[in-house]
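Here's the structure, in structure tokens; my notes come after.
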Amino acid sequence: MGVKKLHSVFLRYVLVLIFAVLLVIGVNIGVYILCVDTDIIYPLNSKSVAIESAKGQLQTTEMVDKEDIPPFCEYILFQTDGQYKGGSISREDSAAVWKLCIENSQASDKSHLYTVIDRKNEVLVLQYHTAAEFANPTLRHIIPSVDILLIVIVLLEILFFLAVVSYLFGKYLGRRMDTLLTAAHRIEQQDLDFTVGKTKIVEIDRVLDAFDHMKLALKQSLAKQWQDDKMRQEQLSALAHDLKTPLTIIRGNTELLLDLPLSEEQKECADYIENSAMQMQNYVQTLIEVTKSWESTRLNFQSIDLDSFLQEIKNQINGLCAVNNISLRWDCRQNTATISADHDFLIRALMNVLSNAVEHTPQGGEIKFDVSENREMLSFVITDTGKGFSDETLRHGTEQFFMEDESRSSKSHYGIGLYVAASVAQKHKGELLLSNDKLTGGAKVTLEIPI
């Protein structure tokens, strides 16, 4: 099957619908004619012929009997002065029929036709419907008009075929659009190693061709970006490792100098050198951590006793708080005894957050450490009594190298602590949430991992 344009496909389905409509009309008319030929249905012209055939007998018969009346007719018999004598039409309606047919000489009302037959000292009036009717009395009573029934059936059948053709057209077009949606989804997931399919519909294939060109351009751009990032990380890592050796030598020699008898000025210079070397070592360690690829790092998940794990964290943070004259409020309300996690990475993430909290909490302040469970998630909540996060930090605080505003910045902060903590949380299929505590106004960091 060749390539088609969308309008030609639509036209094909329209032609199918037109053919179906004509078929429906033709079949129903054929059935109608067959019912007329077999006397199942009385059309109006057949009624007129039947009445004319029976008219002579009805004029001459001594007594009008129900059997002599055509089956599709109701009748009423009057005396020549208008007195009701009998018939299938009730006495209550007789006056109206006499007035219409005899006094006003009319042969029809809204839904009926009338035939007046003069008899000896009597007048016979036949009443019949203007629409086609079933010969069967029961069907005639249930469905007074065959014409309306025929129209309703035709309309329902047309609507049915319209729904079927619309469904088939939608399904046909949907299968072709699935190719487009699949390509868009794979590009969104940065899965660029696939061949864009074809639908054999010109308009959709043009869009798919554009997707293919976009995919190739994106693949080339991402490949270059990934290569540049990898090269930059390798250069940073090499530089960081190269700096470690001379810095170690500088610190070692500085420590030797400090062991010698020095003047106050010399000792001050040596202390300055040692402090600067330590600060530079912190810079180098930060560079090494940054160059590690969290995407490729595999965590060593193991069963961890939660009480022991929390006690280990508490021992470490107690020392930091004591040095900085900060009180620690410890509130652990978990029910879980063990969790599956990477011990070292999770310790590192929590200690990064706790260290930040200690750094930004003034002396005499308080740090609160809460552990709780909620909807199969284990939450570690760390709250300090510092100045809290700014709006910008709440939005970008977990980004690599993001530097906080002046209210929560320091010379030893390089924008990596929260980034590392967030990366560890994601590796555990959890998340790191930043907020400000409503009571203290301080920073509040929540690390959640599944139990």
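Where a number appears in this text, it was derived from the coordinates with a stated rule and is not lab data. If you're wondering where the values come from, they're calculated on a predicted model, not measured in any experiment. Here the Cβ positions follow ideal geometry from the backbone for every residue, glycine too, while neighbour counts run over all protein chains shown.
Let me see the pair-distance distribution of segment 35-187: every alpha carbon pair, 10 Å bin width, integer percents in order.
Whole-percent P(r) values from 0 Å outward: 9, 29, 23, 11, 7, 7, 6, 5, 2, 0.
Can you grab the distance from the C-alpha centre of segment 98-136 to the C-alpha centre of segment 325-386, Å, no decimals?
Rounded to whole Å, the Cα centres lie 100 Å apart.
Relative contact order of segment 159-311: what whole-number percent is it, with Cα pairs under 8 angstrom and at least 6 residues apart? All intermediate terms of the calculation are to be shown ahead of the outcome.
Numbers: 65 pairs, mean separation 28.1, N = 153.
After rounding, I find 18 percent.
So who's got an amide H within less than 5 Å of the one on Ser390, skipping anything under 5 residues away but keeping other chains? H placed 1.01 Å off N, in plane.
Residues meeting the amide H criterion: Asp405.
How much net charge surrounds Ile40 when only the other residues with a Cβ under 13 Å from the Cβ of Ile40 are counted, with Lys and Arg +1 and Asp and Glu -1? Show your work: numbers first, answer last.
Working: positive: Arg140; negative: Asp37, Asp39, Glu133.
Every neighbour counted, the sum reads -2.
Report the calculated FRET efficiency for Ser48 and Lys120 (r = Cβ-Cβ distance, R0 = 22 Å), to the nearest 0.05.
0.35
What range in the chain is the longest one free of GluC sites (Glu not before Pro) that are in a loop by DSSP and have at most 16 other Cβ atoms within 10 angstrom?
Answer from the scan: 63-294.
For a quick check of your reading of the filter: which trypsin sites (Lys or Arg not before Pro) in segment 1-62 sit in a DSSP loop and have no more than 11 other Cβ atoms within 10 Å? Show your work: numbers first, answer last.
Values: sites: Lys4, Lys5, Arg12, Lys47, Lys55; in loops: Lys5.
Answer by residue number: Lys5.
Quick check: net charge around Phe380, other residues with Cβ under 10 Å of its Cβ, Lys/Arg +1 and Asp/Glu -1?
Charge balance near Phe380 sits at -2.
If the chain between Ser327 and Tyr13 were fully stretched, how many nm would it gain, using 0.36 nm times the residue separation less the Cα-Cα distance?
On the way: separation 314, 0.36 × 314 = 113.04 nm, distance 7.79 nm.
Difference between extended and current length: 105.2 nm.
Over the chain, what is the mean sequence separation of C-alpha contacts under 8 Å (at least six apart), divided by residue count, expressed as relative contact order in percent?
Working: 543 pairs, mean separation 41.9, N = 451.
Result for the chain is 9 percent.
State the percent of C-alpha pairs, over all pairs in segment 44-131, separated by a distance greater than 18 angstrom.
Values: 1418 of 3828 pairs.
Percent of Cα pairs beyond 18 Å in segment 44-131: 37.
Sticking with the crude label model, points 7 Å out along Cα→Cβ, report the distance from Lys429 to Leu139 in nm, one decimal please.
Rounded to a tenth, the inter-label distance reads 6.7 nm.
If you stretched the chain out fully between Lys267 and Glu399, how much longer would it get, using 0.36 nm times the residue separation minus the C-alpha to C-alpha distance? Could you put the intermediate results ahead of the total?
Working: separation 132, 0.36 × 132 = 47.52 nm, distance 4.05 nm.
Fully extending the segment from Lys267 to Glu399 adds 43.5 nm.
What's the exposure ranking of Tyr128, Tyr42, going from fewest to most Cβ atoms within 10 Å?
On the way: Tyr128 21, Tyr42 24.
Final ranking by Cβ density, sparse to dense: Tyr128, Tyr42.
Between Asp242 and Glu203, what is 0.36 nm times their sequence separation minus the Cα-Cα distance? Round to one decimal in nm.
Working: separation 39, 0.36 × 39 = 14.04 nm, distance 5.84 nm.
This chain segment gains 8.2 nm when fully extended.
Taking H as built 1.01 Å from N, whose amide H comes closer than 5 Å to the amide H of Glu133, not counting residues under 5 places away?
Tyr42, Val146
As a footprinting exposure proxy, order Trp98, Trp226 by other Cβ within 10 Å, with the fewest listed first.
Going from sparsest to densest Cβ surroundings: Trp226, Trp98.
Would you indicate which of [x] 1.21; [y] 2.15; [z] 0.96 is the value of Cα Rg over 2.2 N^0.38 Å derived from the coordinates of this structure?
[y]
Quote the FRET efficiency, to the nearest 0.05, computed for Glu373 versus Asp191 with a Förster distance R0 of 30 Å and r equal to the Cβ-Cβ distance. Walk me through the numbers on the way to the answer.
Values: r = 36 Å, r/R0 = 1.21.
The formula returns an efficiency of 0.25 here.
Over the Cα atoms of segment 193-292, what Rg and Dmax result, in angstrom?
Rg and Dmax of segment 193-292, Cα atoms, are 27.3, 90 Å.
Pick out the long, greasy-scoring helices in the chain: whole DSSP H runs spanning 20 Å or more along their own axis by Cα, mean Kyte-Doolittle at least 0.0. If you can, show how the numbers build up before the last one.
On the way: long enough: 6-37 (47 Å, 2.16); 44-60 (25 Å, -0.32); 146-188 (61 Å, 1.33); 202-259 (84 Å, -0.39); 264-291 (40 Å, -0.70); 306-323 (26 Å, 0.31); 343-360 (26 Å, 0.38).
Result, helices passing both filters: 6-37, 146-188, 306-323, 343-360.
With an 8 Å Cα cut-off and a minimum separation of 6 or more residues, compute the relative contact order for segment 44-131 in percent. Can you show the working numbers first?
Working: 106 pairs, mean separation 25.9, N = 88.
Once normalised by length, the contact order is 29 percent.
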